[in-house]
Amino acid sequence: MTATAASGTAAGGAAAATSSGAARAAQRGGAQWIMAALAMLFCTLARINLDSFGGIPWIMGGVGLVLLVAAMALFARGESRADRLASPILFGLMVIWLWEMLVVGLHVPFVILPPPSKIVEAIIGNLPILWIDFQQTYLHSVLAGYAIGCGAGFLMALAIDRSPFLQRGLTPMGQLISAMPIIGVAPIMVMWFGFGWPSKAAVVVLMTVFPMLVNTRAGLASSEAMERDLMRTYAAGYWQTLLRLRLPAAMPMIFNALKLNSTLALIGAVVAEFFGTPTRGMGFRISTEAARMNLDIVWATITVAAVAGSVSFAAIAAVERLVTFWHPSLRSGEKA
Amino acid sequence: MSTTATRTVAAPEFVPPAAAAPGIAVNAEKLSIRFGEGEGATVALADIDLTVGRGDFVSLIGPSGCGKTTLLRAIADLVQPTSGTLRVNGMTPDQARLARAYGYVFQAPALLPWRTVARNIMLPLEIMGMARARRRAEAAQYLDLVGLRDFARKFPWQLSGGMQQRVSIARALSFKPSLLLMDEPFGALDEITRDGLNLHLHDLWARTGLTGVFVTHSIPEAVFLSTHIMVMSARPGRVVEVIESTLPRRRRLEDRETPEFLALSRRVRDALHLGYGHV
Amino acid sequence: MSESAVRKATGRILPIPTVVLVILIAWYAGAVWLNAPQAEALMDPDQPHGFWTLAQACWSMDRPVLPAPDQIVSALIDSVFGYPLSSPRNLLLQAGYTAEAAGVGLLVGLAFGVALAIGIIHVRTLDRSVMPWVIASQTIPILAIAPMLVVALGVMGITGLTPKAAIVAYLTFFPVTVGMVKGFRTPDPLQLDLMRTYSAGRGTVFAKLRWPASMAFLFPSLKVAVALAVTGAIVAEMPTGAQVGLGARLLAGSYYGQTMMMWSALIMASLLAVFGLLLVFVSERLLILRRGGRL
């Protein structure tokens with residue numbers, strides 16, 4: 001409820017800002033695009049010549065940076081889709097460029113921070129290893145653990161649905177356990193299920209089951225009293241009410257848990273591999289290569305993990321938009 | 001003070017098909033409802049006697065907290081009476097609910113946002129196990145009835161508040177109950193929309209021969225729609241007076257300026273003041 | 001108090017002990033089931049033994065697969081009171097190291113998070129360019145960088161508390177930023193218009209309206225952050241052979257097959273998280289009391 005109200009206010013604020021924003025956007029002409037292009041040109045030249053012309057590349061880089069920030073500020077005034085995308089993309093490029101310039105230019109030791117160019121090289125050069133690690137960690141531990149954990153949490157929530165007694169007992173337990181450092185069970189799971197992926201999947205199950213239980217419970221309770229009265233006036237039975245009213249109404253909360261769990265699952269699987277694993281897996285790679293100071297491979301693996309995490313999240317969010325299109329936070333085309 | 005409503009039977013040309021035989025739709029005797037127990041208990045309704053004949057349109061009007069909504073909910077078996085008897089179509093409220101004897105319209109439209117307008121109207125039919133093709137036909141018919149044929153495939157949140165409430169009336173009627181219970185259905189709407197919906201509801205009632213029980217705060221609304229107006233007082237909820245309408249059965253919005261209408265409004269207002277005097 | 005009120009109160013409280021009791025019973029049963037093969041191997045095969053003897057053997061093994069709850073409790077008590085507080089074998093000392101890292105990191109993360117949130121609501125460019133990244137960061141396993149951060153800082157000669165606190169700060173910073181941006185934006189247009197009619201400046205609007213309104217979002221963010229902080233501190237203590245902290249104890253226990261060591265470290269870590277949550281909960285309650293019953 002709070003979230004809905006907050007987004008409503010935010011939307012109101014944005015609508016109020018639009019009129020002045022449009023006016024300001026009109027003054028930009030095309031300057032933001034020209035600035036962004038010039039900034040990229042200057043920044044690229046600065047990087048290419050970093051090793052040759054002494055101080056000149058740094059001056060060019062400074063000009064590029066100023067142009068980049070100015071372009072970002074101009075894009076931030078607009079409301080169009082391109083404007084909304086351009087600012088974060090430029091910011092991301094700026095961070096990577098600064099990282100590259102400073103690390104290369106200041107000769108930061110490789111073992112402290114490799115430049116992005118070296119990380120890209122490491123990704124390209126180690127594709128087979130990265131793929132094997134990805135298979136081990138993501139396709140086995142994460143997917144199996146996520147499916148079992150979310151499924152079990154959901155079924156538990158349904159199973160205790162008809163017993164207020166169990167709900168009052170299990171819901172606070174679930175909330176408490178969700179807040180605990182469950183990741184610490186990883187060594188115990190390795191002891192129980194061995195070094196292979198099942199022990200990691202078990203950690204993932206334990207990390208995801210309680211958030212799902214708690215969220216599904218909250219979702220099943222989220223239909224309004226009036227809607228439940230309505231079903232009662234139709235003399236609808238328990239299952240009809242569950243199927244037609246309470247489960248659809250619970251979907252936004254269930255998707256919240258699915259999204260939260262997708263991140264938790266990856267963390268659980270990666271960290272659990274710190275405790276012993278066959279010689280593959282993203283967590284194994286990160287911990288062993290970090291100990292050997294091969295930070296480019298570590299960064300390459302972290303990049304793969306980050307991409308896997310955000311792509312999974314985006315995929316779930318896309319399904320969410322299809323299923324809960326009716327929720328106030330996702331509605332489009334408000335009035336006919 | 002309690003008054004028993006005695007009444008004449010509805011005019012013959014409007015005898016509804018659902019209740020061919022003249023009779024009693026709702027009957028309450030010495031009905032009391034208390035919430036809570038012991039000293040903290042509040043008495044929502046005290047010794048209510050009420051009779052609603054088939055084909056009648058009865059409005060319940062009174063100050064906030066007089067228990068008019070509670071009375072409606074008791075008829076719908078959404079609250080259980082503490083004492084007294086209550087009969088709906090000759091059955092207990094529970095039996096009547098299971099027999100799907102009434103349609104209920106809430107204060108808010110209470111439409112399910114993930115269903116289109118047409119599928120919202122089909123919801124009760126689905127629950128009652130009607131075949132898909134017939135469901136579709138029925139929904140289309142009732143969408144026509146409330147003048148929303150073109151909006152069948154829209155979602156509720158794409159409609160205005162007045163349209164949403166029309167959908168919820170269509171939904172309440174879709175399974176052809178003989179009794180329509182309405183709890184301030186137009187309370188949240190602006191005056192003009194409300195007038196339009198009042199006329200719409202009146203036409204519906206006159207055409208179908210439904211029995212209506214209608215909770216409202218508005219005197220003109222109650223007088224315009226009703227054959228009988230039950231005025232209630234608050235804490236505990238009691239019946240002050242049951243006023244039988246002297247207006248003809250068919251009404252137009254313009255009738256609201258006639259001396260007869262104004263006199264009736266005056267009677268309702270006086271009774272309401274009497275009810276406030278109790279507080 | 002009437003009879004029904006008593007019934008209502010017990011109805012609300014009773015389920016929790018019941019569920020706890022069921023879990024305990026299941027735990028003891030599970031300990032018998034999981035430990036039985038090992039326990040039987042240790043027993044004298046010639047001596048006939050009943051189920052009860054077997055169960056007792058299962059509940060008192062040195063290195064059980066699943067220790068019985070009373071074993072964990074006594075191991076916990078032993079590791080807290082059995083050694084002087086200065087001894088590295090004292091679990092309270094180890095918990096102290098972890099708590100220190102979690103606490104310092106949390107405070108730093110909180111300060112940075114609030115500061116960035118203030119920037120984001122006031123500077124449009126920051127809002128548009130940084131905020132999407134802050135939100136996107138919630139979707140990636142940030143914790144994976146922990147080993148590398150420890151190594152990189154170690155190369156620079158920074159060891160001990162700082163790398164752990166840095167990881168915790170990095171982890172907690174994002175949820176705090178997201179929560180506080182939401183919180184600072186809760187005042188509705190009417191309230192903002194009211195401040196405008198007083199011709200209040202941005203600073204005044206922030207102090208009188210945005211900051212008080214954001215409290216309802218600060219505490220939920222803090223609860224998330226506390227859980228993350230303890231997890232982050234433990235993980236930061238794991239991979240590099242760190243000498244101290246609950247994470248190091250967990251790792252050592254797993255290395256040497258010391259089941260009881262792992263379990264007591266795990267329970268201690270959970271207690272630490274609960275203690276942190278309790279602190280947040282109490283301060284939330286205090287503020288709610290001062291505000292007359294709601295945030």
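The values are calculated or read from the model by the stated rules, or taken from the named source; none is laboratory data. The shown structure was predicted, so the numbers you read here are calculated from the model rather than taken from an experiment. Neighbour counts run over all protein chains shown; Cβ positions are idealised from the backbone, glycine included. Side chains included, ligands, DNA and RNA excluded: accessible areas come from the protein's heavy atoms. Shrake-Rupley method; radii C 1.70, N 1.55, O 1.52, S 1.80 Å.
Restrict the check to segment A:37-54 and report whether at least one residue is farther than 13 Å from residue A:101 by Cβ, touching a helix residue (DSSP H, G or I) at 6+ places or on another chain (Cβ under 7 Å) and either modelled with pLDDT of 55 or more or not in a helix (DSSP H, G or I) (or both). Yes, there is a match, as at least one residue in segment A:37-54 is farther than 13 Å from residue A:101 by Cβ, touching a helix residue (DSSP H, G or I) at 6+ places or on another chain (Cβ under 7 Å) and either modelled with pLDDT of 55 or more or not in a helix (DSSP H, G or I) (or both).
Given the criteria open to solvent by less than 20 Å² (accessible area, probe 1.4 Å), over 30 Å from residue C:18 (Cβ atoms) and free of Cβ contacts under 8 Å to residues at least 12 places away in the same chain, does residue A:128 qualify? So residue A:128 fails the test.
Residue count for segment C:212-239 under the criterion of being among the hydrophobic types (A, V, I, L, M, F, W, C) and more than 8 Å from every other protein chain (Cβ to nearest Cβ): the result is 12. Of the residues that make up segment C:266-273, is at least one at pLDDT below 90, open to solvent by 20 Å² or more (accessible area, probe 1.4 Å), at the interface with chain A (Cβ under 9 Å from one of its Cβ atoms) and over 26 Å from residue C:61 (Cα atoms)? No - not one qualifying residue is present in segment C:266-273. Consider residue B:238 carefully, then state whether it is open to solvent by 10 Å² or more (accessible area, probe 1.4 Å) and part of a strand (DSSP E or B). Yes: the conditions hold for residue B:238. Of all the residues in segment A:291-336, those that are open to solvent by less than 60 Å² (accessible area, probe 1.4 Å), at the interface with another protein chain (Cβ under 7 Å from one of its Cβ atoms) and not in a helix (DSSP H, G or I) number 2.
Do we have residue A:288 as within 14 Å of chain C (Cβ to nearest Cβ) and in contact with a Cys (Cβ under 6 Å, 6 or more places away or on another chain) here? No; evaluated as a whole, the condition is false for this residue. For residue B:137, the stated conditions do not hold, so it cannot be described as of a type outside the set (Asp, Glu), farther than 16 Å from residue A:226 by Cβ and at pLDDT below 90. Close Cβ contacts (under 7 Å, 6 or more residues apart or on different chains) running from residues in segment B:135-160 that are not assigned by TED's automatic domain parsing to the domain that holds residue B:203 and open to solvent by less than 50 Å² (accessible area, probe 1.4 Å) to residues that are assigned to a helix (DSSP H, G or I) and of a type in the set (Phe, Trp, Tyr) comprise B:159/B:151. Annotation: residue B:119 fulfils all but one of (1) over 14 Å from residue A:233 (Cβ atoms); (2) touching a Phe, Trp or Tyr at 6+ places or on another chain (Cβ under 7 Å); (3) within 12 Å of chain A (Cβ to nearest Cβ); the unmet one is (2). Among the residues of segment B:111-129, the one identified as in contact (Cβ under 8 Å) with a residue 24 or more places away in the chain and open to solvent by 40 Å² or more (accessible area, probe 1.4 Å) is B:128.
Pairing each residue of segment A:161-177 that is under 28 Å from residue C:276 (Cβ atoms) with any residue that is surrounded by 15 or more Cβ atoms within 10 Å (Cβ to Cβ) and aromatic (Phe, Trp, Tyr), provided the two are 6+ apart or on different chains, yields C-beta distances under 9 Å for A:173/A:210; A:174/A:210; A:175/A:210; A:176/A:210; A:177/A:210. Identify, please: which residue in segment C:126-162 is under 21 Å from residue A:303 (Cα atoms), of a type outside the set (A, V, I, L, M, F, W, C) and more than 25 Å from the chain's Cα centre (by Cα) and is, among those, most open to solvent (accessible area, probe 1.4 Å)? Among residues in segment C:126-162 that are under 21 Å from residue A:303 (Cα atoms), of a type outside the set (A, V, I, L, M, F, W, C) and more than 25 Å from the chain's Cα centre (by Cα), the one most open to solvent (accessible area, probe 1.4 Å) is C:132. Residue C:236 satisfies every condition listed in (1) over 20 Å from residue A:291 (Cβ atoms); (2) touching a residue at least 40 places away in the same chain (Cβ under 8 Å) except (1). Just one of the listed residues (A:73, A:159, A:82) is more than 24 Å from residue A:280 (Cα to Cα), open to solvent by 70 Å² or more (accessible area, probe 1.4 Å) and either at pLDDT 90 or above or small (Gly, Ala, Ser) (or both), namely A:159.
Residues considered: B:23, B:38. Of these, the only one that is modelled with pLDDT of 80 or more and farther than 21 Å from residue B:219 by Cβ is B:23.
If you check residue C:254 against the conditions, is it facing chain A (nearest Cβ under 9 Å), crowded, with 19+ Cβ neighbours inside 10 Å and assigned to a helix (DSSP H, G or I)? In short, yes.
If you go through segment C:77-98 and keep only what is within 20 Å of the chain's Cα centre (by Cα) and buried (at least 20 other Cβ atoms within 10 Å of the Cβ), you end up with C:91, C:94, C:95, C:97, C:98. Screening segment C:228-241 for residues that are more than 10 Å from residue C:102 (Cβ to Cβ) and out of contact with any Lys or Arg (no Cβ under 8 Å at 6 or more places or on another chain) and picking the one that is most open to solvent (accessible area, probe 1.4 Å) gives C:240.
Contact map, segment B:189-202: first residue in the same structural domain as residue B:214 (by TED's automatic domain parsing), second residue polar (S, T, N, Q), Cβ cut-off under 7 Å, separation 6 or more or different chains; pairs are B:189/B:165; B:197/B:165.
Residue A:190 meets each of the listed conditions (1) under 24 Å from the mean Cα position of the chain (by Cα); (2) crowded, with 21+ Cβ neighbours inside 10 Å apart from (1).
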